[in-house]
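Worksheet: the structure to be examined is printed underneath.
The values are calculated or read from the model by the stated rules, or taken from the named source; none is laboratory data. As the structure is a prediction and not an experimental result, all values here were calculated from the model. Note: ideal-geometry Cβ built from the backbone for every residue, glycine included; neighbour counts use all protein chains shown. The accessibility values were calculated without ligands, DNA or RNA, using every heavy atom of the protein model including side chains. Shrake-Rupley method; radii C 1.70, N 1.55, O 1.52, S 1.80 Å.
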Amino acid sequence: MKLNKRLPALLMAGVLSLSLLAGCGGSDYKVGVCQLAPHPALDAATEGFRDKLTELMKADGKTVEIDVENANGETSSVATIINGFVSGKSSLILANATAPLQTAAASTGDIPILGTSVSDYGTALEMDNFTGVTGINVSGTSDLAPLDQQAAMVKEWFPDAKNVGLLYCSSEANSKFQINTIKPELEALGFACTEYSFADSNDLATVATKACNESDVLYVPTDNTVADNTGIIANIAIPNKTPVIAGEEGICSGCGVATLSINYRELGETTAQMAYDILVGGKDISTMEIQYAPNLTKKYNKEICDELGLTPPEGYEAIESAE
């Protein structure tokens, strides 16, 4: 079958279902994928999961129906999508980002749920003393790059900086977790840190302006609201000559100068292997440890660095242009 060239984009936008490709009749397994919003990192994780799981199933003579739905950033849509997977008796649910994971965990205690692009599962699931295994029908992969290494990156780029502004969305629990973790790391390196939290995109510009005016450099964690609004930050930080160190590559490509990057496609592929082990291998998801990205890469945004007159330290790769 010859596919329309626009099909991948439509799939990522939640317009079509991947069951059209995987064969919706008589499949051995039904997997529902709920992606929070269109975003390069989330898209890559979904694509890696889809392609790897299809490959693994095919090699084993199995068939899988993979239904990808995109909530386009709407909480109500996340609930509708997850409820559809539960009522449709999916064999497994992939929750791409924290909000889908939380909704899925609250919606079913029976269907295996794998998360991806989630920073900290203990925080997302409100589990005290989390040790890496949930003990329930939830596991998955984390997109959290080591925060001590990210703090060291701030020092590497800006050794003479005094004040680091920590800009994040207060309504995202995983963002607050990252800030709470990296703040003492930065303070141990001699930086004075100030938190600048915003409730949603409506007050982001106001808070970002204050943060840029009062900081030598900003640190922005892996944050879904920031990822959707990097242009707002860039339009404030760049004219103000305030550099941004970002928690992930997608944010860095929009408004940052450097990041410690993971490969989200690889993250999706790792999650697919976990799904295969559960569905075909019979592994108990409640005993499966959260997995992390296998590779880390130091990257920089050449365009913004040139605009700010910054030269990257040795060992950094330029982020590839989306064009």
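Observations on the model:
- Relative to the longest principal axis of the Cα atoms of the chain, the long axis of helix 40-59 makes an angle of roughly 30 degrees.
- Per-residue HN-Hα couplings for the stretch 161-171 [Karplus 6.51, -1.76, 1.60; θ = phi - 60°; Hz; x = Gly/Pro]: 5, 10, 10, 10, x, 9, 9, 7, 8, 5, 7
- Accessible surface area normalised per residue over the chain is 44 Å², counting heavy atoms of protein chains with a 1.4 Å rolling probe.
- Of the solvent-accessible surface of the stretch 50-100, computed with a 1.4 Å probe and all protein chains present, 47% belongs to carbon and sulfur.
- Our estimate of slack between Gln149 and Ser107, defined as 0.36 nm per intervening residue step minus the Cα-Cα distance, is 11.5 nm.
- Nearest 10 degrees, 0 to 90: helix 147-157 Cα axis against the chain principal axis: 40 degrees
- Lys/Arg +1, Asp/Glu -1 at C-beta; the chain dipole; positive extreme among Ala258, Thr242, Ser76: Ser76
- Put a plus charge on the Cβ of each Lys and Arg, a minus charge on the Cβ of each Asp and Glu, and nothing anywhere else: the dipole of the chain about its Cα centre is then about 620 debye.
- Of Ala152, Ile66, Gly190, farthest towards positive along the dipole that unit charges on Lys, Arg, Asp, Glu beta carbons give the chain: Ile66
- For Lys155, the aspartates and glutamates whose Cα comes closer than 16 Å to its Cα, not counting residues fewer than 8 places off in the same chain, are Glu185, Glu187, Asp216, Glu314.
- Where labels lie 7 Å past Cα in the beta-carbon direction, separation of Val86 and Lys283 in nm: 2.5 nm
- Reach of Lys62 by Cα under 16 Å, taken over aspartates and glutamates that are not fewer than 8 positions away in the same chain: Asp28, Asp51, Asp277
- Given charges at beta-carbon only (K, R positive; D, E negative), |dipole| of the stretch 156-196 in Debye: 120 debye
- Computed 3J(HN,Hα) for the stretch 307-317, one whole-Hz value per residue from the Karplus formula 6.51 cos²θ - 1.76 cosθ + 1.60 where θ = phi - 60°, is 5, 8, x, 9, 10, x, x, 5, x, 9, 9, glycine and proline marked x.
- Dipole of the chain, positive end: most advanced residue of Gly315, Pro112, Ala97 [Cβ charges, Cα centre]: Pro112
- For the stretch 124-231, a crude dipole built from +1 on the beta carbon of Lys and Arg and -1 on the beta carbon of Asp and Glu, taken about the Cα centre, is about 120 debye to the nearest 20.
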